[in-house]
Structures are given as C-alpha cells and as structure tokens.
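Enquirer: Input: one structure, supplied below.
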Amino acid sequence: MSDLFLKKCKCPYCLKETTTKRVLSRHVRIEKTEFDGFIHYTGENVYFYEPVQCEHCHFLFHESFEKLRKEDRPVLEEKVTNFFPLLPYARTERTLEQALHLYKLCLYTAQLSHQKDAIQAMLGMRITWLYRMLGDAENEHLWLERTAEKYEALYLDYSDPVRSGITHDTLLLRLADLYASLNQYENAKRWYSLIFANKEVSESTRKQAREHWNDYKETHAS
Ligand SMILES: [Zn+2]
C-alpha cells in the first residue's frame, strides 16, 4: 500500500539492520484524540506498525526497547529467537488482530528482557486501545486494569524521567485518566486531586487534568 514504506531499524538482539513497514509521516491523518491519549487515524493506522520482528534472528521488539542485558540473552534465545518463526505479517500490511498479536509478543519479550516499567505499561496501553478498536469491552477493561497496576508500581518506584522513562506529570495524569476509564470514581478522584494539589505539576498538565475530571464527572458521576 502506498501509505507504507520499509523502514530500517536495528535489532536489539542480533544488532543487525532489519526492515519493517511504517506509515509515511506525510500520510498520517489524525481524526481525533481521546482523553487518555488514544489517537484515531483516518488513513493507515500508525499503531499497527510499531512492533518489529527482526528478519534475521526473529526477535520481536518495539523501538523504545533499551539495550539488552547479557544475562537475559540465554532465555531470549530459548523462548524467542529459537522459538518463534518469522511471522508472515511482520513485514507486510497488518490487520488489527495481527497487530494485537505482535504487541502481545512484544510485551512478552519486554518482560523477558526486563525493559523499563514505562515501556511495558506503554505496550499495555496500546493493547488496551486495540481492544477498544475491536469493540471488545471485556478485554479492554482487563488491560486497563493491568496497565493501571503497572503505572501505579512505576509511581511508587519513581526516580526521575530518564530512569523511569516517563515524566512525573505524565505519569500522574495517565493514572488519573486510567481510573476514569475504568470508571473507578474514588480512585480517579484521588489521582486528579493529587495533580490539583501538587504545586510542582505544570500548569498545562493541571489544566488537562481539570478538563478530564470535569468531563468524567459530567458523564459518569451519579
Ligand atoms: Zn535480530
């Protein structure tokens, strides 16, 4: 399809250059963004093409993955590179279901290779959104809960934006929005209140939080 091109990227496992389909940036068309950051595209869906499978060693990864640790390599060899075949749709056009499968495999390799919690949570968020696109409310809810748990663990263990892989403001807003999506009123209120009360949170984040909280109360509060 003309909206896609073959992008070169470096495999974090074998360090060789591999290629994967991506949406040409000039063809990316955004219809709208939902309050939790989920973007609706009118053309080719950018999310579908983020997961990569290396054509040489078959490792599955997301470009946000960091350098692999030596001690993780034996288990990755056993459970991923020696185990997974080259998936036929990894380097072609993808359906929603195929993209979902690739994200789950990426999350699996992220867990095996001890990628940052922020990366694992980001993949969980993408999986949540793909289930939303599928109209599968049950699985969307399940992945919202898992992702909220991951972000909450990240919050408790937060050090700084570089080591944690996310800014403190974004993390707070993400948690508040996740609990709003889960329709957990008390939890959403608790996290939005934390943002309103925290003088170190930027004005723009507080403004977004205020809008999200007001929208949520209007549509959900009894
Ligand atoms: Zn490779």
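The values are calculated or read from the model by the stated rules, or taken from the named source; none is laboratory data. Please read all numbers here as calculations on a predicted model, not as lab measurements. Heads up, the Cβs are rebuilt from the backbone with ideal geometry, glycines too, and the neighbour counts pull from every protein chain shown. Just so you know, the surface numbers come from the protein's heavy atoms only, side chains and all, with ligands and any DNA or RNA stripped out. Shrake-Rupley method; radii C 1.70, N 1.55, O 1.52, S 1.80 Å.
Enquirer: Residue under question is residue 215, and the condition is that it be acidic (Asp, Glu), surrounded by 18 or more Cβ atoms within 10 Å (Cβ to Cβ) and not assigned by TED's automatic domain parsing to the domain that holds residue 35; does it hold?
Expert: Considered against the rule, which asks whether it is acidic (Asp, Glu), surrounded by 18 or more Cβ atoms within 10 Å (Cβ to Cβ) and not assigned by TED's automatic domain parsing to the domain that holds residue 35, residue 215 comes out as no.
Enquirer: Follow-up. Output the qualifying pairs, or none if there are none: Cβ atoms under 8 angstrom, residues six or more apart or on different chains, first residue in the stretch 72-89 and within 16 Å of residue 101 (Cα to Cα), second residue open to solvent by less than 80 Å² (accessible area, probe 1.4 Å) and in a loop (DSSP other than H, G, I, E, B).
Expert: 80/13; 80/58; 80/59; 84/58; 85/58; 86/55; 86/58; 89/95
Enquirer: Of all residues being acidic (Asp, Glu) and exposed (fewer than 15 other Cβ atoms within 10 Å of the Cβ) in the stretch 1-44, which is nearest to the ligand (Cβ to nearest atom)? Just the residue, please.
Expert: Kept after step one, since they are acidic (Asp, Glu), are these residues of the stretch 1-44: 3, 17, 31, 34, 36, 44.
Remaining after also requiring exposed (fewer than 15 other Cβ atoms within 10 Å of the Cβ): 17, 31, 34.
Numbers: 17: 9, 31: 35, 34: 34 Å.
Per the stated criteria, the residue is 17.
Enquirer: Something else about it: Does residue 49 qualify as being aromatic (Phe, Trp, Tyr), open to solvent by less than 30 Å² (accessible area, probe 1.4 Å) and in contact with a helix residue (DSSP H, G or I) (Cβ under 8 Å, 6 or more places away or on another chain)?
Expert: Working: aromatic (Phe, Trp, Tyr): yes; open to solvent by less than 30 Å² (accessible area, probe 1.4 Å): yes; in contact with a helix residue (DSSP H, G or I) (Cβ under 8 Å, 6 or more places away or on another chain): yes.
Yes: the conditions hold for residue 49.
Enquirer: Scan 110, 90 and give me the residue that is modelled with pLDDT of 95 or more and of a type in the set (Gly, Ala, Ser).
Expert: 110
Enquirer: Report, by residue number, each residue of the stretch 185-222 that is farther than 21 Å from residue 34 by Cα and of a type in the set (A, V, I, L, M).
Expert: Passing the criteria: 194, 197, 201.
Enquirer: Out of the residues in the stretch 46-63 meeting the condition of being touching a residue at least 60 places away in the same chain (Cβ under 8 Å) and not acidic (Asp, Glu), tell me which one is farthest from the ligand (Cβ to nearest atom).
Expert: Filtering first and then ranking leaves 47.
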